[in-house]
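Working notes, structure below.
The values are calculated or read from the model by the stated rules, or taken from the named source; none is laboratory data. Computed from a predicted structure; not experimentally measured. Positions of Cβ are backbone-derived with ideal geometry, glycine not excepted, and every protein chain shown enters the neighbour counts. Accessible surface areas use protein heavy atoms only, side chains included; no ligands, DNA or RNA. Shrake-Rupley method; radii C 1.70, N 1.55, O 1.52, S 1.80 Å.
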Amino acid sequence: MLFLALAVACSLAIAVVFKVAELRDLDRTALLTVNYLAAALLAVVLQGVEPAGPLTSGLVALGVGQGVLFIAGFWLFSLAIREAGIGLAAGVMRLSVVVPFLASWAIWSEAPTLWQVVGLVIAGVAFFLVAQPSAEPPGKLGPPDPGSSPGQALKDENTGPAGRPRRIVGLLALLFLTGGAVDINMKVFQEEFAGSGVPISTFLLFVFGVAFLVGAIAVGVTGLRTGRWPSAQAWVWGIGLGLVNYGSAEFLLRALEEIEGTVAFPANSVAIVLGAALLGRVVWKEPLSRANLAGLGLAAAALVLLAG
C-alpha cells in the first residue's frame, strides 16, 4: 500500500501545481512541455541512455499512444481546473476509473462482485452531479491562454455565461474519457509487458518522450507565430510538475504489481477525489453547489464499493 499512497500524494501535487499555474496565468502548453522533458530526463537517469529489456512493436506503439494521451489528458485537466475548479476537475478525472475497471472485468476476467456493480451505477450518477457547474465560477479565469489561437480566444469570449455550463460539461466529459484511456494503457503494460522483463522506466521513457515531442512542436509553432516562449516560471513549475508526474505514474505501476486493478484504481481515485475537493475548498475557497457536494459524496461511496 506504500506505493499506492505515494501515487496519491504525487497526483495531488500535480493538481496543486496546475492550480498555482492557473493563478499565475502560465502558458499551459509550455508548462506541460517542460514537465514532460523533465520526466523523460528522469526516466533516462533511472535506467540509462539505452532502453533496457526487449523492445517490441507493441511496446513502442503502446508507449507512443500513451504519450499522446498523457499530454492531451494533462492539457484537459489543467483547463478543467481553470474552468471548474480543482475539486470538480479531480473528481471527474478520478471517476474515469470506471473505464479501466470495466476493461479489467471484460479483458482480464477480474470479475466484479455485486457491490462493485452497485458502485458502477452510483459512479454514473455521481459523474452527472459532479459535472454540473456551480452558480459562480471557481475564480478569476484570467486572460486567454497564450498557447491558444486568437480564434479560440474570441470563441471563448463570445460564449458568455449562458454558454459556459455546456462548455464545462463537455470539457469534463472529454477529461473523463481521456483519463480512462490512460489508465487502461497502464493496465495493458502491467499485464502484457511487465512480466516479460520490460522495466517500468523503459515504458515511461517512451511515454514522456513522445509527450514532450508533441508539446515541443506546439510550443515551437506558437513561439514562431507570436514570439512568446516559455517563461522562467514555466520552466521552474514545469520541472517540478515533471518530477511528481513521473512519480505518480511509476508508483501506480508498482502498486499494480502488488494489488489487483479492481482494487488499486478505485482506492487511488477515492483518495484523490476527497483530497482535491478538500484542498480546493479550504485553500482556494472554490464554490461547490449542492449537486457538486452530493456528487463528490456519491463518488467517494462508489469508489469505496468498487474497491471491493
Subject >> Count of residues meeting criterion [of a type in the set (Lys, Arg) and either open to solvent by 50 Å² or more (accessible area, probe 1.4 Å) or at pLDDT 90 or above (or both)] in the stretch 2-50 >> reply: 1
Original post:
Inside the stretch 244-265, can you point out the residues that are within 15 Å of residue 13 (Cα to Cα), of a type outside the set (S, T, N, Q) and open to solvent by less than 20 Å² (accessible area, probe 1.4 Å)?
Top reply: 246, 247, 249, 252
Subject >> Matching residues, the stretch 221-243, being more than 21 Å from residue 19 (Cβ to Cβ) and open to solvent by less than 20 Å² (accessible area, probe 1.4 Å) >> reply: 222, 223
Original post:
Taking the condition in contact with a Ser or Thr (Cβ under 7 Å, 6 or more places away or on another chain) and open to solvent by 20 Å² or more (accessible area, probe 1.4 Å), does residue 206 pass?
Top reply: no
**OP:** Hey, can you tell me all the residues within the stretch 280-308 that are touching a residue at least 40 places away in the same chain (Cβ under 8 Å) and open to solvent by 50 Å² or more (accessible area, probe 1.4 Å)?
**Re:** 281, 284, 298, 304, 308
Subject >> Tally of residues being surrounded by 14 or more Cβ atoms within 10 Å (Cβ to Cβ) and in contact (Cβ under 8 Å) with a residue 60 or more places away in the chain across the stretch 90-121 >> reply: 22
**OP:** Only residues that are of a type in the set (Phe, Trp, Tyr) and either open to solvent by 30 Å² or more (accessible area, probe 1.4 Å) or free of Cβ contacts under 8 Å to residues at least 24 places away in the same chain (or both): list them for the stretch 167-189, please.
**Re:** 176
**OP:** Would you tally the residues in the stretch 176-206 being of a type outside the set (A, V, I, L, M) and in contact with a Lys or Arg (Cβ under 9 Å, 6 or more places away or on another chain)?
**Re:** 1
